[in-house]
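J.: The structure that follows is given in the form of structure tokens.
Nothing in this text is a laboratory measurement; each read-out follows from the coordinates by a stated rule. In this text the structure is predicted, and so the values were computed from the model without any measurement. Neighbour counts run over all protein chains shown; Cβ positions are idealised from the backbone, glycine included.
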Amino acid sequence: MKRFFALLLCSTLAFTSCGEDLDDNLVLKTEAETTFNFTHNWDETEVTSASFDSIQYLNQNGDSLSIEKLRYLISDITFSREGEEDIVLDIYNLVDVTNSTNLSFSPETKIPLGQYTNVSFTYGFDDEDNIENAYPDLNSENWEVPNIQMFGNIGGYHYMQLEGRFINNADEETTYAYHNIRAADGMATPITTQDTSIQVNLGAITITNDITFQVKMNIAEWFQNTYQWDLNTWNSSLMGNFDAQLRMNENGQNVFSLGTVTQ
Amino acid sequence: MKKGFIYLLLIISVSACSKSDSPETETYEPTPLPLSIPQLFSDRIISPVIPNNNPQTVEGVALGKKLFFDTKLSGDETMACASCHSPQSAFTNNTPTSEGIDGVFGTRNSMPLFNLAWNYRERFTWDGKQLSIERQALEPVENPIEMHSDWTDVINKLQSDSEYPELFRLAFKTSLITKELTTKAIAQFERTLISANSRFDRYTLGQETLTSQELNGLDVFLREDKGDCFHCHGTPSNPLWTDNIFHNNGLDTNVTDLGLGGVTGDSNDNGKFKSPSLRNLAYTAPYMHDGRFETLDQVIEFYSTGLQNSTTIDVLMKNIDNGGVQLSTQDKADLKAFLLSLSDPSFLTNPDFQE
């Protein structure tokens, strides 16, 4: 009998000692993983890298254009709660539509479940984060802005590079490079710079579980609302064009919107 | 018998959660040799790409160097990798295109070799055909207008050599030589070819001053309304001086060499070639993928007044109708002075890179 119990004990040890602790699954979930999926459209038409390189979009000014490159930076995802400090994720993500990379971003930090009065992020870097040479991974992507007078003697990083071709007023195919950075007037005395990053508000949300936000960029909005962009006038060398940068900021207010939310 | 069974179970129960370590035995391992990363690189850009299946080792690099300079890799044993990639020319040569063992010239300029481990997208050669240094090294050996050999013959020669089997054993723990191990060794050596000691590098580190002409040239390089070179070749924030991306820089209206387009099959890529690094331009003439420009002055004049429009010309090429960015004579001279400050003479004489 003793031998039987010894045998039973040993067998139990042998076959259960490496088993998963099932009670792990009983822990009450208090935090959620968040994911942000970035999608792109030209009004009602979906835009992906597969739709690049073909002149097929018409902006408000009547210019037909193509997209050949699109990448942009988002940073500082923020969760705001009533009566509590904001949860600010001091992160950034370079969305590269051309190469279809970083279209989905999941911050490492989990967010407490609960009601949030707003979820927001910064399009580009605000001045606090827009620091020359601060981000080797962005330097490696050639995302930096040269530290020269023309760009405010301050360096930093691009917000967006949107490039392609358009049909100009002479009915010729030509190129555009809609590059958005911190606005700088290098010719002013003293040199003027202006933080033209944009806080994008996705609105209130109650987080009850791991959650995925679809963030939509309507590329057409970069050329309208409220400034009707004429590519014949402003098509290249825009980084050092203070007024053009302010107009980008103006139009950029309406570019992003919240799509589907799943949790 | 039953007791024995119980003891067996006891052993199982006690050992079931222990690591399944096999007894340690003394085996030879090659000596790791991490890349010597320059301060400027570690400060400014992310880590180099080292394949997990080909770590850098003392023995691997030494073997790769020997192979790189060995003419046994060519059909008639007259040509080595170094024949077209000479250390004295920053690992290129000085002809527009290169002559193979049969006296036939190729169609592309030999690319200089340095800082290859920082090519993050790992597309190598002018047209991006090769997706790793190891794969690139496979190609020239059998190319009929280059080394015009056969890997089977090369491996046989190396295998019957008095030194190589032992060198491969030291590098890869096997004396059975294969083309894969051969190119792994060459790739290890090529990854050590690091150039980061130009006058401009030392200026960036606060160890050197530049002339006012060189500094004005940097301004021309970086200004959107002048050279606007930085969108493809980077800024002082990125010491590679290339984006390692493919562009049609407006060399021809009618593209005959498809470049990247010949690799991807996408006509939108026709005429696109990799932006070369601007380091070591003092030693790497002639320029462009076909070596059409003999001098740096010709290159600068091309971007200033010589652009040719085409359907795939890069959108960053400006003022195409007028031929380019229209630099003044002074700006062209200053730009050239700046570009030459990116050359690193110590790279040419580094004893680790000589035969």
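J.: With a 10 Å Cβ neighbour count serving as the proxy for reagent exposure, in which order, fewest first, do A:Val200, A:Val261, A:Val119, B:Val263 appear?
T.: Exposure proxy ranking, most exposed first: A:Val261, B:Val263, A:Val200, A:Val119.
J.: Viscosity 1.306 mPa s, temperature 10 °C: give me the Stokes-Einstein translational D for the range B:70-165 in µm²/s, with Rh taken as the Kirkwood radius over C-alpha pairs.
T.: It diffuses with D of about 113 µm²/s by this estimate.
J.: When the Cα centres of the range A:48-93 and the range A:242-263 are compared, how far apart do they sit, in Å?
T.: Taking the Cα centre of the range A:242-263 as reference, the centre of the range A:48-93 is 7 Å away.
J.: Note down, for the range B:215-268, the three equivalent ellipsoid semi-axes (square root of 5 times each alpha carbon gyration tensor eigenvalue), biggest first, whole angstrom.
T.: After diagonalising the Cα gyration tensor, the semi-axes are 28, 14, 7 Å.
J.: Among the listed pairs B:Lys274/B:Lys336; B:Lys129/B:Lys226; B:Lys272/B:Lys332; B:Lys129/B:Lys179; B:Lys184/B:Lys336, give every one whose C-alpha distance is greater than 29 Å.
T.: B:Lys129/B:Lys226; B:Lys184/B:Lys336
J.: If you don't mind, there's one more thing I want to ask. Magnitude of the Cβ-charge dipole of the protein assembly as shown, K/R +1 and D/E -1, about the Cα centre, nearest 20 debye?
T.: Working: 40 positive and 86 negative charges, 383 e Å.
Magnitude of the dipole: close to 1840 debye.
J.: Binned at 5 Å from 0, what are the whole-percent values of the Cα-Cα distance distribution for the range B:199-348, short to long?
T.: 2, 10, 17, 23, 21, 13, 8, 4, 1, 0
J.: Rounded if a/c is under 1.5, else prolate if a/b beats b/c, else oblate: with a ≥ b ≥ c from the C-alpha gyration tensor eigenvalues square-rooted, which is the range B:237-307?
T.: It is oblate, given that a/c is not under 1.5 and a/b is not larger than b/c.
J.: Output ³J(HN,Hα) for the range B:121-131: one whole-Hz value per residue in order, computed from phi by the Karplus curve 6.51 cos²θ - 1.76 cosθ + 1.60 with θ = phi - 60°, and x for Gly and Pro.
T.: 7, 6, 9, 10, 6, 4, 9, x, 5, 9, 9
J.: Taking only Cα atoms and a 10 Å spring cutoff, compute GNM fluctuations for chain B and point out the largest among B:Pro34, B:Pro286, B:Pro345.
T.: Maximum among the listed residues: B:Pro34.
J.: Okay, helix-only estimate at 222 nm for chain B: each DSSP H run of n ≥ 4 adds -39500 (n - 2.57), divide by all residues, round to 500 deg cm²/dmol; what do you get?
T.: Numbers: 15 runs with 129 residues, N = 355.
-10000 deg cm²/dmol, from helical runs alone.
J.: Ok, one more. If you wrap a convex hull around the alpha carbons of chain B, what volume per residue comes out, as a whole number of Å³? All intermediate terms of the calculation are to be shown ahead of the outcome.
T.: On the way: hull volume 68.7 nm³, N = 355.
With only Cα atoms used, chain B gives 194 Å³ per residue.
J.: Right, something else. To the nearest 20 debye, what charge dipole does the range B:199-348 have about its Cα centre, counting +1 at the Cβ of each Lys and Arg and -1 at the Cβ of each Asp and Glu? Don't jump to the answer; show the numbers that get you there.
T.: Numbers: 11 positive and 21 negative charges, 49 e Å.
Dipole size: approximately 240 debye.
J.: How large is the translational diffusion coefficient of the range A:60-199 in µm² per second when you combine the Kirkwood radius over alpha carbon pairs with Stokes-Einstein at 10 °C and 1.306 mPa s?
T.: 93 µm²/s
J.: How many angstrom lie between the Cα centre of the range A:122-187 and the Cα centre of the range B:265-330?
T.: Answer, in whole Å: 22.
J.: Looking only at A:Glu108, A:Glu84, A:Glu31, which one moves most when chain A is put into a Gaussian network model with springs between Cα atoms under 10 Å?
T.: A:Glu84
J.: What is the log10 of I(q)/I(0) for the protein assembly as shown, computed with the Debye formula using one identical point scatterer on each Cα and no solvent, at q = 0.05, 0.07, 0.10 Å⁻¹?
T.: So the normalised log intensities are -0.30, -0.56, -1.00.
J.: Further, regarding this structure: At R0 = 35 Å, how high is the FRET efficiency between B:Glu208 and B:Asp297 if r is their beta carbon distance? Nearest 0.05 is fine. Write out the running numbers ahead of the final one.
T.: Details: r = 25 Å, r/R0 = 0.71.
Working from the Cβ atoms, E equals 0.90.
J.: Follow-up. Given R₀ = 22 Å, what would the calculated FRET efficiency be for A:Asn118 paired with A:Asp243, taking r from the Cβ atoms and rounding to 0.05?
T.: Result of the calculation: an efficiency of 0.10.
J.: Now for a different question. Using a 10 Å cut-off around each Cβ, can you sort A:Asp63, B:Asp257 from fewest to most neighbouring Cβ atoms?
T.: On the way: A:Asp63 20, B:Asp257 17.
The most exposed by this proxy come first: B:Asp257, A:Asp63.
J.: Short version: ³J(HN,Hα) in whole Hz for each residue of the range B:38-44, in order, from phi by Karplus 6.51 cos²θ - 1.76 cosθ + 1.60 (θ = phi - 60°), x for Gly and Pro, what are they?
T.: Once θ is set to phi - 60°, the couplings for the range B:38-44 become x, 4, 4, 6, 5, 6, 9 Hz.
J.: Starting with the fewest neighbours, write out B:Lys72, A:Lys29 ranked by other beta-carbon atoms found within 10 Å of each beta-carbon.
T.: A:Lys29, B:Lys72
J.: Something else: Taking amide hydrogens as modeled 1.01 Å from N in the peptide plane, which residues meet the under 5 Å criterion relative to B:Arg108, leaving out close sequence neighbours?
T.: B:Ser98
J.: Specify the residue with the greatest mean-square fluctuation among B:Pro140, B:Pro38, B:Pro239, computed from a Gaussian network of chain B linking alpha-carbon atoms under 10 Å apart.
T.: B:Pro38
J.: Within the range A:172-263, report the GluC sites (Glu not before Pro) that DSSP leaves as loop and that have at most 12 other Cβ atoms within 10 Å.
T.: Of the GluC sites (Glu not before Pro), the ones in loops of the range A:172-263 whose Cβ has at most 12 other Cβ atoms within 10 Å are A:Glu172.
J.: Give a residue-ordered list of calculated ³J(HN,Hα) values for the range B:214-229 (Karplus: 6.51 cos²θ - 1.76 cosθ + 1.60, θ = phi - 60°; whole Hz; x for Gly, Pro).
T.: Per residue, the Karplus-derived 3J(HN,Hα) values read 5, 5, 5, x, 4, 4, 4, 4, 8, 6, 5, 8, 10, x, 6, 7 Hz.
J.: If every alpha-carbon in chain A counts as one equal scatterer, what log10 I(q)/I(0) does Debye give at q = 0.09, 0.16, 0.17 1/Å?
T.: -0.49, -1.23, -1.34
J.: Report the one residue of A:His158, B:Ser98, A:Thr233 whose Cα lies farthest in the direction of the positive end of the charge dipole of the protein assembly as shown (charges on C-beta: Lys and Arg +1, Asp and Glu -1; origin at the Cα centre).
T.: Going by the Cα projections, it comes out as B:Ser98.
J.: Which one, A:Met248, A:Thr192, A:Ile167, is farthest towards the positive end of the dipole of the range A:31-262 when Lys and Arg carry +1 and Asp and Glu -1 on their Cβ?
T.: Of the options given, the answer is A:Ile167.
J.: So who's got an amide H within less than 5 Å of the one on A:Phe36, skipping anything under 5 residues away but keeping other chains? H placed 1.01 Å off N, in plane.
T.: Placed amide hydrogens put A:Phe105, A:Ser106, A:Phe213 under 5 Å from A:Phe36.
J.: In debye to the nearest 20, how big a dipole does chain A give about its Cα centre with +1 on each Lys and Arg Cβ and -1 on each Asp and Glu Cβ?
T.: 780 debye
J.: Can you work out the base-10 log of I(q)/I(0) for the range B:269-338 at q = 0.23 1/Å, using the Debye formula on its C-alpha atoms alone?
T.: The Debye formula, applied to the Cα set alone, gives -1.21.
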